[in-house]
Amino acid sequence: MPDLYIDGSWRGALDERTREIRCPADGSRVGVVDEAGGKDTVEAIAAARRAFDEGAWPTTPAADRGDLLLRVADLLVRDKDALARAESLDTGKRLVESEYDIDDIANCFHYFGRQATAEAGRVVETGTPSVDSRVVYEPVGVCALITPWNYPLLQTAWKVAPALAAGNTFVLKPSELTPHTAIHLMRLLEEAGVPPGVANLVLGAGPEAGAPLADHPDVDLVSFTGGLATGRALMAAAAGTVKKVALELGGKNPNIVFADADFETAVDMALTAVFLHSGQVCSAGARLLVEDGLHDRFVDEIVRRASRIRLGGPFDERAQTGPLISAAHREKVEAYVARGLAEGAVLRCGGERPTGPGLDDGFYYPPTVLDECSGDMSVVREESFGPVLTVERFSGEAEAVRLANDTIYGLAGAVFSTDEAKAQRVAARLRIGTVWINDFHPYVPQAEWGGFKQSGSGRELGPSGLAEYRETKHIWRNTDPSPQGWFG
Ligand code: NAD
């Protein structure tokens, strides 16, 4: 069965190219998918344009669009096992994590299914009896949705669900490394009754299949989640046609632990913050800032537990975390660690490729702790996106805030302290989009997600997530028109 979904039909690439997908955990073959080129993407854009300009979807009652999303949520629950398995095979992540993700994805469709009708517009009081005036919300138009490989279907859901709820049509381009759950989602949208041309899928590499989405005049909005360099390039490419651009980019997220933190909680969460999914999480707490008095005891315990973390493939029930996504990504992580050591960091654990049964054929890299780091090191400033924790010391509130904010990123971070007032003061001064106090990583679809500074522009989830996909129109109606006579 072909894998590109364009104008309500499944088909292969115009030049018949394909790509083989292999599992990062052991190199086993997962499947072969069709690989779009630029011409396929241009056809998908044309289909989305027609469906928006001539089709019924943008003016379908919001309640009906919402019902469709709720049907998709039910289908996601029905297919949870197959979806979780496919996600784990493409990414190498533990099956149990993929299962959590599918639950979150169904919740996301539920949330935007209900949200579709939440805000219909408002009447504006003009003070003139012969005028009625209202503000209404309309879809933006054709949306390009471009997603990464670390949470493939979750990041896709955060875009597809609000885009459809608001009445847009779209072209989705998932990461070329992890295409299978996007294909499955399109089959579910088809089954739920999404009209032809409303939802289109192209698979393939960014520079070929993705590039037309950023500069094509028939695309109205680009919503992108991925790396900073790609985000900058897309923003520049979209400038020529002044598209709306929503970017969810990287992070180098501080995890601030004060000496008065609850020790057990802070250690446990510092480990999850950075080593979950082998650090391939945009909100990973990869920068540990520990207050002087606690530093030695805290880092010793982190190192002791990090050294024991068990690596393994998606179906190894004893594994605590999995491989990196690709050979190239592992080399990038290794290069960051090497540079950190050259710049004076102290290696406390990890730092060498693991070997042994079940590990030799995958792209594994161990939990690695670099102590005695400083804010000028590249391993502290840039996103390695791997299981690498850098440790910096601080003394007092002001220095914690100064170090935490000394970064171009501003996605997420945490404060651990038993002093509630202090934690709140620090949270208020952090220039980041999500601050956890005595916690790390949780989110709910009804809250907002997005970054300050170069972590992005725009928001996902919550009411603002839906607002990204809406235009706001003011309609002024004169109920008693009469000539003004200004020009005779
Ligand atoms: P990436 O930037 O390499 O790729 C992301 C997507 O962009 C892929 O689909 C890719 O094919 C596509 N792409 C690449 N070049 C393109 C081009 N010229 N035109 C159009 N599309 C193009 O990122 P990645 O390596 O897949 O993902 C990891 C990054 O994603 C990390 O930096 C991580 O922090 C970030 N991320 C951010 C969030 C968030 O919510 N802020 C969430 C998840 C991941």
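The values are calculated or read from the model by the stated rules, or taken from the named source; none is laboratory data. Quick caveat, the model's predicted, so the values are computed rather than measured. Glycine also receives a Cβ, built like all others from the backbone with ideal geometry; neighbour counts cover every protein chain displayed. Surface accessibility is based on the protein's heavy atoms, side chains included, excluding ligands, DNA and RNA. Shrake-Rupley method; radii C 1.70, N 1.55, O 1.52, S 1.80 Å.
Summary table below
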read-out: Pairs with Cβ under 6 Å, 6+ apart, first in the stretch 127-151 and under 30 Å from Gly279 (Cα atoms) and within 15 Å of the ligand (Cβ to nearest atom), second open to solvent by 50 Å² or more (accessible area, probe 1.4 Å) and at pLDDT 95 or above; value: Trp149/Leu177
read-out: Residue count, the stretch 119-144 (criterion: part of a loop (DSSP other than H, G, I, E, B) and either at negative phi or open to solvent by 50 Å² or more (accessible area, probe 1.4 Å) (or both)); value: 9
read-out: Residue, nearest to the ligand (Cβ to nearest atom), within the stretch 169-178, restricted to residues that are of a type outside the set (Ser, Thr, Tyr) and more than 19 Å from Ser9 (Cα to Cα); value: Glu176
read-out: Some residue of the stretch 42-65 being in contact with a strand residue (DSSP E or B) (Cβ under 7 Å, 6 or more places away or on another chain) and without any contact (Cβ under 8 Å) to a residue 24 or more places away in the chain; value: no
read-out: Residue check for Leu311: open to solvent by less than 30 Å² (accessible area, probe 1.4 Å), in contact (Cβ under 8 Å) with a residue 24 or more places away in the chain and over 26 Å from Glu399 (Cβ atoms); value: yes
read-out: Number of the condition not met by Phe298 [criteria: (1) more than 17 Å from the chain's Cα centre (by Cα); (2) open to solvent by 50 Å² or more (accessible area, probe 1.4 Å); (3) not small (Gly, Ala, Ser)]; value: (2)
read-out: Tally, over the stretch 433-481, of residues that are more than 16 Å from the ligand (Cβ to nearest atom) and either assigned to a helix (DSSP H, G or I) or not basic (Lys, Arg) (or both); value: 17
read-out: Any hit, the stretch 106-120, residues being more than 30 Å from Gly358 (Cα to Cα), within 16 Å of the ligand (Cβ to nearest atom) and not polar (S, T, N, Q); value: yes
read-out: Top-ranked residue in the stretch 401-427 [being assigned to a helix (DSSP H, G or I) and within 12 Å of Gly375 (Cα to Cα); ranked as least open to solvent (accessible area, probe 1.4 Å)]; value: Ala404
read-out: The one condition in (1) closer than 19 Å to Gln280 by Cα; (2) of a type outside the set (Lys, Arg); (3) open to solvent by 50 Å² or more (accessible area, probe 1.4 Å) that Glu343 fails to fulfil; value: (1)
read-out: Any hit, the stretch 279-294, residues being part of a loop (DSSP other than H, G, I, E, B), at pLDDT 95 or above, of a type in the set (A, V, I, L, M) and over 30 Å from Leu153 (Cα atoms); value: no
read-out: Flag for Gly362 being in a loop (DSSP other than H, G, I, E, B), more than 28 Å from Leu249 (Cα to Cα) and in contact (Cβ under 8 Å) with a residue 12 or more places away in the chain; value: no
read-out: Pro58 open to solvent by 20 Å² or more (accessible area, probe 1.4 Å), part of a helix (DSSP H, G or I) and more than 30 Å from Pro354 (Cβ to Cβ); value: yes
read-out: Cβ-Cβ under 9 Å pairs, at least 6 apart or on other chains, the stretch 273-291 side touching a residue at least 40 places away in the same chain (Cβ under 8 Å), far side in a strand (DSSP E or B) and near the ligand (Cβ under 10 Å from one of its atoms); value: Cys282/Thr225; Cys282/Glu248; Cys282/Ala412; Ser283/Ala412; Ser283/Thr434; Ser283/Trp449; Ala284/Ala412; Gly285/Ala412
read-out: Pair list, Cβ under 7 Å, 6 or more apart: the stretch 169-181 residue within 14 Å of Tyr151 (Cβ to Cβ) and free of Cβ contacts under 8 Å to residues at least 24 places away in the same chain, other residue more than 10 Å from the ligand (Cβ to nearest atom) and open to solvent by 10 Å² or more (accessible area, probe 1.4 Å); value: none
read-out: Residues of the stretch 179-224 satisfying the condition of being open to solvent by less than 40 Å² (accessible area, probe 1.4 Å), assigned to a helix (DSSP H, G or I) and more than 8 Å from the ligand (Cβ to nearest atom); value: Thr181, Ala182, Ile183, Leu185, Met186, Leu188, Leu189, Ala192, Pro212
read-out: Residue among Asp480, Asp439 that alone is open to solvent by less than 70 Å² (accessible area, probe 1.4 Å) and not polar (S, T, N, Q); value: Asp439
read-out: Unmet requirement for Ala236, which otherwise passes all of (1) away from the ligand (no atom under 14 Å from the Cβ); (2) closer than 28 Å to Leu4 by Cα; (3) surrounded by fewer than 22 Cβ atoms within 10 Å (Cβ to Cβ); value: (1)
read-out: Pair list, Cβ < 7 Å and 6+ apart or interchain, from the stretch 443-460 residues that are open to solvent by 40 Å² or more (accessible area, probe 1.4 Å) to residues that are in a loop (DSSP other than H, G, I, E, B) and away from the ligand (no atom under 12 Å from the Cβ); value: Phe452/Arg431; Lys453/Ile408; Lys453/Arg431; Gln454/Ile408; Arg459/Glu468
read-out: Flag for Ser133 being within 26 Å of Glu471 (Cα to Cα) and of a type in the set (Gly, Ala, Ser); value: yes
